[in-house]
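A.B. asks: Just dropping this structure here.
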Amino acid sequence: MLKINNLNVHYGRVHALKDVSLEVKDGELVTLIGSNGAGKSTLLMTISGIKKPTSGVVEWEGIRIDKLPSHNIVSLGIVQVPEGRHLFPKMTVLENLELGACLSKDTGWNKQNIQRVCSYFEVLGQRMNQLAGTLSGGEQQMLAIGRALMANPKLLLLDEPSLGLAPLIMEDMAQVIRDLRKEEGIAILLVEQNAHLALELADRGFVLETGSIVVSGTADKLLNSKLVKKAYLGL
Amino acid sequence: MKKYNKHLMTYIVLTAIAAALPLGRDVYVQHLLTLTLILAIYALSYNIIVGYMGLFSFGHQAFFGLGGYTIGLLSLGEASAGRSALPLSLAWPVWATLPASLLVCAIAGYVIGYVSLQMRGVYLGLVTLGFAMLIWMATINERHFTGGVSGVRGIPPFELTLPGLPTLELSSPFSFYYFALVLLVFTIYFISRLTKSRFGRALVALRENEERASALGVDAFKYYLMAFTIAATLAGLAGFAYSYYLRYITPTALGITFLWSAVIMVIIGGTGTLLGPVIGAFIFVFVPEVFRIAEELRLLLFGAALVVVIIFLPQGIYPSLVSLWDRFILRRQERKGIEGEISK
Amino acid sequence: MDWALFAQQVFYGLSNGMAYALFAIGLVVIFGILGIINVAHGEFYMMGAMIFSWLVAIQGVNLVVAAVIALAVGVIIGILSNRLVVQPIYGKPSFVLATFLATLGLSIFLANLATVVWGAFPINVTTPFSLVVRPGGIAIAGDRIVLFVIGGAVLWLLMQWMSKSLLGKQLQAAAQDAVSARLVGINLMRVYAIGFGLASVLAVVSGILMAPIWTSNPYMGPLVILKGFIVTIVAGMGNFRGAIIVGLLLGLVEAIFGQYVAVQYREAVGYGVMILVLLFKPEGLFRR
């Protein structure tokens, strides 16, 4: 479904992504691990059309999307949950969810969709009229994922969903990610620093270091690779 | 050393050309040329803030106007004072009005700068604009002192009496042109010395990266305040010349149109260079004349030009010309180099 | 103390303040969404007032038709300004100052364009409401009542639209977090165009409502934009409710100061307050 070929991205003179190629197939959960500043978020932002690549191709269901504006990419079914949540802090939970569905005109469907989000995150149902900025960190992460679900994604780009969460909540979040895959068949590209968690969830994985992919393969293969063990699993 | 001489030669040639410009022209052209030089001084002073400090003040017109008003009010004699219904009849001579107007502007610049230079960006622009608007309003309202909307009229001609020499009276555009040229050359020399000094280098360091420069021990506020005061004083010098030349001054001189013209001259000419503002002033005065267009069309044109320059030539015309020239020279030298290689 | 006179000044000030608020909200919208200051906003106001006055007073066009035409022209100018002047430099290094200067160029352009079209002479317009009513010994101009009522209604509608409609929420979202807005599928270019269109509508509405009260001339833009700066700075840049409150207060304070302290320095109060706020509370009196 998603195919990236020889992607290069620059910030001014900084070469942030170097000839990156990867693929996410239907319903697959693929993870991208790497340390801070390796270029993981840059890759997601490029897929979402926020950052434009200098060269290379991003293809989605056979269409080139690397030159499309971001709102078209969302309407094609690629939705990102950015790092650090990036909610609309001065709007209520409900308004955040509504904005997540701002490309759909069908209000009946949207109401149903909100029900669906609440079935994953019960807490949100109780906080509908609270300002998003006043939620706890875990709740904000839930809302960020919920907002993305409102757009009916076929591919969900998750940027560090575990960042700053307590271990218990992290486990909840992992369960939600599993469920999303199983019940909705949504493909997921998961960016994580927590390699344990990521490889436990994923089918396949890629390791990104200073803008290049250095290792890739099935989750099992990565769990057993020397480099990953040493650098990311602390073994 | 050689480069320094080359620069000096360039400036001597340019000055000679400037001195020859009004010869044999009709009075109107001479008048425009004189106006250009005076506005060039004003533009250069504004460029200290915009180009060398890298900050934006929107209150510079106040200093230009204050300089003009100071000499206007101090130089009025009894005869002219009666005509403009102002109480003052001090009839100060030039050697007293010049330092007085510079001093007034320096003090005003120091005070306004002291209060507003904590700000940066558009905020600094708005505080200084606020001060300028207050001064403008006071000038219009205190008519028993400033002449109100009609301003100060009947300013005596520029007369300089030095012991043992005949009195120098500059009442024609032609004679005033050379006086303005002397002032302009002085201003350019002064600013070029200033920018080459330790002080100037500190300013440039601040412009490039205020945080880093501050971390290295440059007291940003002190340097900015100093430069702002100098800029205000030089604007006062331009106002001084303007007032003596036209022999009247009105609140327009410290109103918003003189802010517009400063911005236009400096941005279109090119910030942070010595010749950019001068070229800007020349374009500002002469381009509309060449096309023989009416006053409102002229500002219309410059409004549009300002937009176009900011979009397409963000450095301004002069620096763009210079880099174009450099590229041209470089390419020629490269070609020569390649030809040399081939012939070997 | 003459209470009738006082009441009259209060109404006079609040009606002026309503125009300031309407005008300043347009600046707030653009600052909120794009983070830039549109200097040409004053000329949007001027264009509204001039087109309306010219159509009504000189061409004898019906009031409502003239207002609709003025609004339509205003929206077009607003959207074109965004497209041709702001967007080409938007997002580049130091674009806040660059857009300030570019819109300053635009304002010079529009002011002198208006002079070329209509001449430098002020245009006076009278409406069927241009009469004075005297309830309880105070004199109130009918045009001011119209300004107050319509202005208030427009502000109320605007607030409703911003907080209730999906498009209004998209505008708010873009103002709160531009990247997130793009990630949920909001078309920012469209939001910018709508923001500029909306802002120019507000400027034009205030221009039309003030046209019968102040005479209109092509050079009034800068004076109006300075009021707008005062209101937005004192309220806090990008603050919606604050701008309405400060706009009304500015009108009120000017009127009271003019009546009881010094009429010729009525306009100076605002500048004084703006300078003080910038120096001591640069984030404004109201938090965002």
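A.B. asks: Once the piece of chain linking A:S75 and A:S104 is laid out straight, how much longer is it, given 0.36 nm per residue of separation minus the C-alpha distance between them?
C.D. replies: Values: separation 29, 0.36 × 29 = 10.44 nm, distance 0.88 nm.
Here the segment from A:S75 to A:S104 would lengthen by 9.6 nm.
A.B. asks: Another question, if that's okay. Can you list the HN-Hα couplings for the stretch A:21-32, worked out from phi with the Karplus curve (6.51, -1.76, 1.60; θ = phi - 60°), rounded to whole Hz and with x for Gly and Pro?
C.D. replies: 3J(HN,Hα) across the stretch A:21-32, in whole Hz: 10, 7, 9, 10, 8, 3, x, 8, 10, 10, 10, 10.
A.B. asks: Give me the percent of the accessible area of the protein assembly as shown that comes from carbon and sulfur atoms, probe 1.4 Å, all protein chains in place.
C.D. replies: On the way: 23900 of 37320 Å².
Answer for the protein assembly as shown is 64 percent, counting heavy atoms of protein chains only.
A.B. asks: Which one of C:G42, C:G136, C:G78 has the biggest mean-square fluctuation once chain C is modelled by GNM with Cα springs under 10 Å?
C.D. replies: C:G136
A.B. asks: Run through the stretch C:1-44 and list the chymotrypsin sites (Phe, Trp or Tyr not before Pro) located in a DSSP loop whose Cβ has at most 15 other Cβ atoms within 10 Å.
C.D. replies: none
A.B. asks: Follow-up. Using just the C-alpha positions of the stretch B:28-301 as equal point scatterers, what log10 of I(q)/I(0) does the Debye formula give at each q in 0.10 1/Å?
C.D. replies: So the normalised log intensities work out to -0.50.
A.B. asks: Which whole-number percent gives the relative contact order of chain C, counting Cα pairs below 8 Å spaced six or more residues apart? The partial results should precede the final answer.
C.D. replies: Numbers: 461 pairs, mean separation 109.7, N = 288.
About 38 percent, as a whole number.
A.B. asks: Continuing with this model, one more query. Can you give the FRET efficiency for C:W3 and B:R120, using 1/(1 + (r/R0)^6), R0 = 30 Å, r = Cβ-Cβ distance, to the nearest 0.05?
C.D. replies: 0.05
A.B. asks: Follow-up question, since we're still on this one. Summing -39500 (n - 2.57) over the DSSP H runs of n ≥ 4 in chain B and dividing by its residue number, what mean residue ellipticity at 222 nm do you reach, to the nearest 500 deg cm²/dmol?
C.D. replies: -24500 deg cm²/dmol
A.B. asks: Let me ask something else. What three numbers, in Å, describe the spread of the alpha carbons of chain C along their principal axes, ordered from the longest?
C.D. replies: Ordered largest first, chain C gives principal extents of 60, 47, 34 Å.
A.B. asks: On to the next question. Rg to Rh ratio, the stretch C:60-215, alpha-carbon atoms and Kirkwood radius?
C.D. replies: Looking at the stretch C:60-215, the ratio lands at 1.04.
A.B. asks: In nm, give the distance between the simple-model label positions of B:V29 and A:S212, each being 7 Å from the Cα along the Cα-to-Cβ direction.
C.D. replies: Distance between the two pseudo-spin positions: 6.7 nm.
A.B. asks: Extending each Cα 7 Å along its Cβ direction at A:K3 and B:H7, get the distance between those two points in nm, one decimal.
C.D. replies: 6.0
A.B. asks: Then there is this: Pull out the extension gain between A:Q130 and A:E23, defined as 0.36 nm times the separation in residues minus the alpha carbon to alpha carbon distance; nm, one decimal.
C.D. replies: My answer for the length gained is 34.6 nm.
A.B. asks: Please report the spacing between the Cα centers of the stretch A:36-97 and the stretch B:128-175 in Å, no decimals.
C.D. replies: If you average the Cα positions of each part, the centres end up 62 Å apart.
A.B. asks: So if we plug the beta-carbon distance of A:D179 and B:Y110 into 1/(1 + (r/R0)^6) with R0 = 56 Å, what FRET efficiency do we get, rounded to 0.05?
C.D. replies: Given R0 = 56 Å and the Cβ-Cβ separation, E is 0.25.
A.B. asks: Going by the alpha-carbon gyration tensor, a ≥ b ≥ c the square roots of its eigenvalues, is the protein assembly as shown rounded (a/c under 1.5) or, if a/c is not under 1.5, prolate (a/b greater than b/c) versus oblate?
C.D. replies: oblate
A.B. asks: Something else now. From the alpha carbon gyration tensor of the stretch C:126-268, can you work out the equivalent ellipsoid semi-axes (sqrt of 5 times each eigenvalue) and give them in Å, largest to smallest?
C.D. replies: On the way: eigenvalues 225, 63, 42 Å².
The equivalent ellipsoid of the stretch C:126-268 has semi-axes of 34, 18, 15 Å.
A.B. asks: Send over the Kirkwood Rh of chain A, from the inverse of the averaged 1/r over different Cα pairs, rounded to one decimal Å.
C.D. replies: 18.0
A.B. asks: Cα convex hull of the stretch A:153-211: mean projected area in nm², to one decimal? It would help to have the intermediate numbers written out before the result.
C.D. replies: Numbers: hull surface 17.7 nm².
Mean orientational projected area (the stretch A:153-211, Cα hull): 4.4 nm².
A.B. asks: Given N residues in the stretch B:191-231, what is its alpha carbon radius of gyration divided by 2.2 N^0.38 Å? Let's see the in-between values first.
C.D. replies: Values: Rg = 9.6 Å, N = 41, 2.2 N^0.38 = 9.0 Å.
Here the Cα radius of gyration is 1.06 times the empirical estimate.
A.B. asks: At 7 Å along the Cα-to-beta-carbon direction for both C:Y260 and B:S323, put a label point, then send me their distance in nm to one decimal.
C.D. replies: Those two pseudo-labels are separated by 5.8 nm.
A.B. asks: Using alpha carbons only, how many degrees (0 to 90, rounded to 10) separate the axis of helix B:220-246 from the longest principal axis of chain B?
C.D. replies: 60
A.B. asks: Continuing with this model, one more query. Report, in degrees rounded to the nearest 10, the 0 to 90 angle that the Cα long axis of helix B:60-75 makes with the longest principal axis of chain B.
C.D. replies: With rounding to tens, the tilt is 40 degrees.
A.B. asks: I need the P(r) histogram for the stretch A:89-206: all alpha carbon pairs, bin width 5 Å from 0 out to the longest distance, whole percents.
C.D. replies: Calculated P(r), rounded to whole percents: 2, 11, 23, 23, 21, 12, 6, 2, 0.
A.B. asks: I would also like to ask the following. Angle, helix C:95-118 long axis vs. longest principal axis of chain C, Cα atoms, 0 to 90°, nearest 10?
C.D. replies: 50
A.B. asks: Under 1.5 on a/c is rounded, so check that first for the stretch B:115-227, then, if it is not, pick prolate when a/b is larger than b/c and oblate when it is not; a ≥ b ≥ c are the square roots of the alpha carbon gyration tensor eigenvalues.
C.D. replies: In terms of gyration-tensor shape, oblate.
A.B. asks: Quick one: which bits of the stretch A:83-124 get at least 30 Å² less accessible when the partner protein chains are in, versus the chain alone, with a 1.4 Å probe?
C.D. replies: The answer is A:H86, A:F88, A:K90, A:M91, A:E95, A:E98, A:L99, A:C102.
A.B. asks: Could you calculate the FRET efficiency of B:L21 with B:A215 from 1/(1 + (r/R0)^6), where r is the beta carbon distance between them and R0 is 35 Å, rounded to 0.05?
C.D. replies: The formula returns an efficiency of 0.15 here.
A.B. asks: Total Å² of accessible surface buried at the C-B contact, 1.4 Å probe, nearest 100?
C.D. replies: Counting protein atoms only, the buried area is about 3300 Å².
A.B. asks: Right, another one. Quick one: accessible area per residue over chain A, 1.4 Å probe, rounded to a whole number of Å²?
C.D. replies: 43
A.B. asks: Do any of B:K6/B:K196; A:K182/A:K230; B:K6/C:K92; A:K52/A:K229 go past 27 Å between their Cα atoms, and which?
C.D. replies: A:K182/A:K230; B:K6/C:K92; A:K52/A:K229
A.B. asks: Could you give the length gained by full extension between C:V68 and C:V149, i.e. 0.36 nm per residue of separation minus their alpha carbon distance, to one decimal place?
C.D. replies: 27.3 nm
A.B. asks: Next up: Could you let me know the centre-to-centre spacing of the stretch C:58-99 and the stretch C:179-255, using Cα atoms, in angstrom?
C.D. replies: Value for the Cα centre distance between the two parts: 13 Å.
A.B. asks: If you don't mind, another one. Please identify every one of the chymotrypsin sites (Phe, Trp or Tyr not before Pro) in the stretch B:219-301 that sits in a loop by DSSP and has no more than 14 other beta carbons within 10 Å of its own beta carbon.
C.D. replies: Hits after loop and neighbour filter: B:F291.
A.B. asks: Roughly how far apart, in whole Å, are the Cα centres of the stretch B:29-78 and the stretch B:206-272?
C.D. replies: Between the Cα centre of the stretch B:29-78 and that of the stretch B:206-272, the gap is 9 Å.
The values are calculated or read from the model by the stated rules, or taken from the named source; none is laboratory data. Quick caveat, the model's predicted, so the values are computed rather than measured. Cβ sites come from the backbone with ideal geometry, for glycine too, and all protein chains shown count toward neighbours. What goes into the accessible areas is simple: the full protein's heavy atoms, side chains included, and nothing from ligands, DNA or RNA. Shrake-Rupley method; radii C 1.70, N 1.55, O 1.52, S 1.80 Å.
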